Amino acid sequence: MLRAPEGMQEYQRMAAHFGRDLVQLQHELHRMKVATKEQVDSIEMTREVNIILNISPKYQKILSSFTHPHVDFSPDFLVSLRSHTVWEKTPVKLFCTVSGKPNPIVKWYRNNVAIEPLSAPGKYKIENKYGVHSLIISRYNLTHPQFTVRPLIVSSFHFKLHFHKGVLSFSVVFPVVPLLSSIHPSKLEVTLLESFGVTFGIEGESVSLVANMVVVPDLPNLPPEVMWYRDDTLLMPSRWAEMSIGGGVAKLTLPHLNKDDEGLYTLRIWTKDGTAEHSAYLFVKDATPTVAGAPGAPMDVAVFDVNADYVLVSWKPPNTTHEAPITGYFVDRRKSGTTDWVQCNDSPVKVCKLPVHGLTEGASYHFRVRAVNKDGISLPSRMSSGVTAAEVESDVEVYVTIPDPPTNVHATEINKTYVVLSWTPPSPRGWAPVWYLIEKVCDSHIWQRVNTAVQLRSPRYPVYDMEDKKSYCFRVITVNKYGSSEPSEPTAAIQKVDPCGVPSAPGQVIASRNTKTSAFVQWEPPKHANNLMGYYVDASLVGSKKWFPCNHRPYKHTRFVVHGLVPGDTYVFRVQAVNAYGLSEESQESAPLFIDAALSTPSAPYDISLLNCNGSSMTLAWKRPKNTGGSKITSYYLDKREAESVEWKEVNMKICCVMYYFYRFFYEFKIQAANLAGVGLPSEPSKAFACEAWTMAEPGPAYDISFWEVRDTSVLVQWKPPVYAGAGPITGYFVDMAKKGSSDFVAVNAEPVGHCYLKVSGLETGASYVFRVRAVNAKGVGKASDVSDPVCAKALPGTKEIVCGVDEETGDIFLNFEACDVSETSKFTWSKSYKEITESSRVSITSSGRHSKLTFVNAEKEDLGIYSVAVTDTDGVSSSYSVNEEELKKMLDLSYNIKHPIVPLKTELNYEILEKGHVRFWVQAKKLSSSVNYRFIGYKISHDVSTGIIQMTIEHFTKANEGTYTIQIHDGKAKSQSSLVLVGDAFKAALKEAEFQRKEHIRKQGPHFSEYLSFHVTDDCTVMLVCKVNATQQFKDCLTLIPESHIIILATCLYCSSSASDLVLQCTPEGIRLQCYMKYYTEEMKTSWFHRESKISSSEKMRIGGTSEMAWMQICEPTDKEKGHYTIEIHDGKKSHTRTFDLSGQGNVQMFAGGLPDVVTIMEKKSLSLTCTVCGDPSPEVTWFKNEQEVVSDDRFKITFEGGKFASLTINNVHVEDSGKYSINVRNKPPLSYLFLFCTPPKCLLVPIKINRLLSGVDLW
């Protein structure tokens, strides 16, 4: 609001004047309060004294103190202390009033020990006001409701009055919570910031509890002293707990969780003013068992009653909600320094205690326990701390020989599994080691030895072999190396029974709200506790009948806070009592409880602002309380006062009120909110608002800025328009934003928006922002609104968006929303374009639980727009959905298909001709129900639901059946129709086929071909011609038939051509042969040879031929002219197949061969040596042949190749059989040279030599 300069001066002057008057007024008010209090106290004391005087004459002297002020009298109590019953860690105040002349000295005592407030800073506070003496016992930092459930320790507090004539005392008994540790002074100021909350873990995992703090002064080498407690037990660093402090962080790490770690953890830090504390509960769930259905692991394994060879192991049973009942336990032991666990009991023990004997004296042991049920064995518990089996030393060391008998023989443990005998060792027992013998007697009066094979050195022994329902007496004999004592006195009769059994079921269970994710459960203790260990609390969602454990370690008290519940769900609870014999029966279920925060009065409203003033009335706005107290705010109460007054006056108003005031007066306001729980705290007084008319041309401030649809990078900002519009109508709004803590506001929108909402995008995830809004009219930009509360750009856990869909039954288009959080009073508010939908004929809204649905009655273009939903009484649960034209069209198509459904068809109406000439018309649907209806117009039909086929058969198909065929299908609401036009050529073809099939059916009544002649080619290139004839029995005698198949094998080239191999080169005596291998070859196959694309005809030089396996071409006496590419082309009747070979002689291959004679003639029994000079690059390979058979080197035929140049064949002791054609094959790429030997008449070996010249690139000599 703008002010004229003279108005501003007057305002400042009056503000300064009022400020001075206000200070004086506050001092006067304080003086009046003190005086009034003294008067009230004096009147009250006088009234009580008069009452006392009427009862007891001893108080006459008190009255005389008023009438005779100079007379002394002894101290006495006017108002005595009274007893209190309180919960631990709640503040306690004790009051009493004393009298005496002169004024007595008051002293407070606890358990006859004087209380010194400085000995426990912050714990005790002693006051004396107006003759009323008070002792305040404070347990501060009550941040967790678990502090209300603690064991109560009864202590006595005494109040003593010291007077020079005597001492007077009075005592009161009430529960007091002791400090958890000794006094520890500190000179550091410590303030806890962010601390650990309720934590959930699983066995085997690691978890850390962290608390951040500010330490002043922060000395790196002198951190504050930190102590960690679990259930008021001080924790020390160990393998199970690691602690650290430094850098403003205190940390407790549990590296391997077990259920032993479950409990209330408290962090206590010593500070200058006392201690700073924080507590939270840690829940540890069972690990997944190795066998499905096996129970959870036991916990809190403890070892006590340690003796030389005996210990007693105890533990706590696990909770069982859905597992089978526990049938027993196995106890394992392990010697320290080893890794092998040894099972102590052969059969499961049913009670949670087991005596273990037979230990090695002086050895250290660890123990663990496993639970057993019908499904399997649990995981082992955490092992116990190490204990050493050691003998209890004798009190009197006297030299004796024969020991005395033990005394006080009795049973310390009695149950149906075993009985533990205990006795007092003899005293004195001497220096010699002693052991014990145990005897028992039952009905026979004959004493029997119990421990025949065991030498007992401990005064404890478990006895197992006792019959049920029989009583036994026991006695013990002491033995040492000198002899045995007399038997001890026998015990009384002992019978194996369970003296206690499981506890009875707990009483009534009452559950009440605590927070949005927890519930406070309390119950009555069982009537028969039977050495109670604690309780297990179970919970179940209403209607699910599935129970889950709320705690996994027995809880000792009858009040428990269940954490980890889902807001908005409804639960019931039950409780079981636990002792060493197991779990009791379940208690009765509690009443259903809706999970939400406990009801409380709302917090104070804040940020009161002035929206408009016309000189005689004001319009105010304020921000809603941050905490509504778990209930809807029903009303607000407004008080006002003039700026120079101290008296507040109530104002009758609505949420935005109009009030009448005096012009130019200044007023202050304060507001209280009310809900179902009552009226909350008042707000801070507003600043002084001047009651003068607003006349500026620009608009006033917008107000009530709220945030919806908060996501990781965006937020929707909404506000209400200014009450004061200025000189003209409001045309738009500017939205400014800044990061929390910054005053640098940036405009979000460059152009004004014409509505009262704006979606702001591009935010930084996790960052907090503040906003303000400025209204615009024709005269300019108005005053900015108050800065909004900070909003963090982070979506709520489990946030879901609106989903658009079509109802599958009705075809209605709907928008559905599932809230991630609701309260019992939550309501779903739907809006279009962020204007609430109250009554509309176009939509209907239904809500149930977490779900809300908006259904369009008849969706049209008029329904396009942005739809949003907000859930009241939550932390801004909301969402929006934009229905655009494309989306609406898609939904309308789906809606039409559902409202006007069709039967989907796999195939349209079709027909087929059957063997008798019948015509079958059929159609196949994707899916049919058993209630399907259908009809072919004019015909009867049938269907198969499993396949979806509907069919009709016409047995006599004639010209009269030409036309259009139509089928109509009705399946529920769905319909379908399919038609087939069978006229013209299509009908003629169908009729021809039907007549043919009818004739064929008649033909097949006698002998006929069931399969006509056909052929196929096999892998060996033969053609199979096959036909099949069927004949009835009466015609078989007059038919001449081959067996079922008649096979004629013919040559074919179709398969052979494709099997042709690549061309290969083969040297022959006449020259070179090119060969192409095939599956089968005959001269009737069309083959052509080409040399350099010129077709080759068969001649003396170029011979063309083949065998049954290959086609070849012989080149006789090749020369350089025969160099080049050679191709064979094979035709199979459909396409040609070609194979090529290169005889161009290109490359780096060089060879030389020569030196063989033309003819060799030799006598029998002589030696023949044939030598050929060969060289080449790369080095050639040499092979000798006889009659085209390779010669192998042996004793008679010796083959050598010396220096890579001289190739020799030596034949020793030549015979006539050695005559023949000898050749040499020299090869590095192609064959190089051949030598041919021919035999002459007997006893004379004639070797003709013929050298074949190679192809291009090679020279021969």
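Observations
- Restricted to Cα atoms, region 778-851 shows a radius of gyration and a Dmax of 17.8, 57 angstrom.
- Taking 0.36 nm per residue of separation and subtracting the Cα-Cα distance, full extension of the segment from GLU1011 to GLU860 would add 47.7 nm.
- Checking the cross-link pairs LYS440/LYS469; LYS916/LYS959; LYS889/LYS926; LYS623/LYS779; LYS800/LYS861; LYS720/LYS800 against a 19 Å limit on the alpha carbon distance flags LYS889/LYS926; LYS623/LYS779; LYS800/LYS861; LYS720/LYS800 as lying beyond it.
- The order of the peptides 1077-1083, 230-236 by mean Cβ neighbours within 10 Å, most packed first, is 1077-1083, 230-236.
- Stretchable slack from LYS556 to SER743, in nm (0.36 nm times residue separation minus alpha-carbon distance): 61.9 nm
- A straight Cα-to-Cα reach below 21 Å connects LYS546 with the lysines LYS285, LYS374, residues fewer than 8 places away in its own chain not being considered.
- For region 857-942, Kirkwood radius (reciprocal of mean inverse C-alpha pair distance, Å): 18.3
- Options LEU456, ASN514, LEU532, ranked by Cα towards positive dipole end of region 444-560, top entry (Cβ charges): ASN514
- The heavy atoms of HIS956 offer some 140 square angstrom of accessible surface to a 1.4 angstrom probe.
- Using Cβ point charges alone (K and R +1, D and E -1), the dipole size of region 841-926 about the Cα centre works out to roughly 420 debye.
- Cβ-placed point charges (K, R +1; D, E -1), dipole of region 620-778 about Cα centre in debye, nearest 20: 340
- Out-of-range pairs (alpha-carbon distance over 31 Å; input LYS123/LYS649; LYS33/LYS649; LYS670/LYS832): LYS123/LYS649; LYS670/LYS832
- In the assembled protein chains, ILE105 presents an accessible area of approximately 110 Å² (probe radius 1.4 Å).
- At R0 = 22 Å, FRET efficiency that the Cβ-Cβ distance of GLU684 and GLU127 yields, to 0.05: 0.15
- Remark: spin-label model distance LYS649-PHE1206 equals 14.7 nm, labels positioned 7 Å along the Cα→Cβ axis.
- Here region 775-927 is treated as a sphere whose radius is the Kirkwood value from Cα pairs; by Stokes-Einstein at 10 °C and 1.306 mPa s it diffuses with a coefficient of 81 µm²/s.
- Spacing of the two label points (7 Å from each Cα toward its C-beta) at PHE665 and ALA778, in nm: 3.8
- Using a probe of 1.4 Å, the accessible surface attributed to CYS792 totals some 60 Å² when neighbouring protein chains are kept in position.
- Whether region 269-400 is rounded, prolate or oblate, judged on the alpha carbon gyration tensor where a/c under 1.5 counts as rounded: oblate
- Using 0.36 nm per residue and subtracting the Cα-Cα separation, the extra length available between ILE941 and ALA598 on full extension is 116.5 nm.
- Dipole size of region 311-450 about its Cα centre, with +1 on Lys/Arg Cβ and -1 on Asp/Glu Cβ: approximately 620 debye, rounded to the nearest 20.
- The convex hull defined by the C-alpha atoms of region 525-620 has an orientation-averaged projected area of 10.8 nm².
- Among the trypsin sites (Lys or Arg not before Pro) found in region 867-948, those both in a DSSP coil and sparsely packed, with 15 or fewer other Cβ atoms within 10 Å of their Cβ, are LYS916, LYS926, LYS927, LYS940.
The values are calculated or read from the model by the stated rules, or taken from the named source; none is laboratory data. Please read all numbers here as calculations on a predicted model, not as lab measurements. Every residue, glycine as well, gets a Cβ built from its backbone with ideal geometry; the counts of neighbours run over all protein chains shown. In case anyone asks, the SASA skips ligands and DNA or RNA and just uses the protein heavy atoms, side chains included. Shrake-Rupley method; radii C 1.70, N 1.55, O 1.52, S 1.80 Å.
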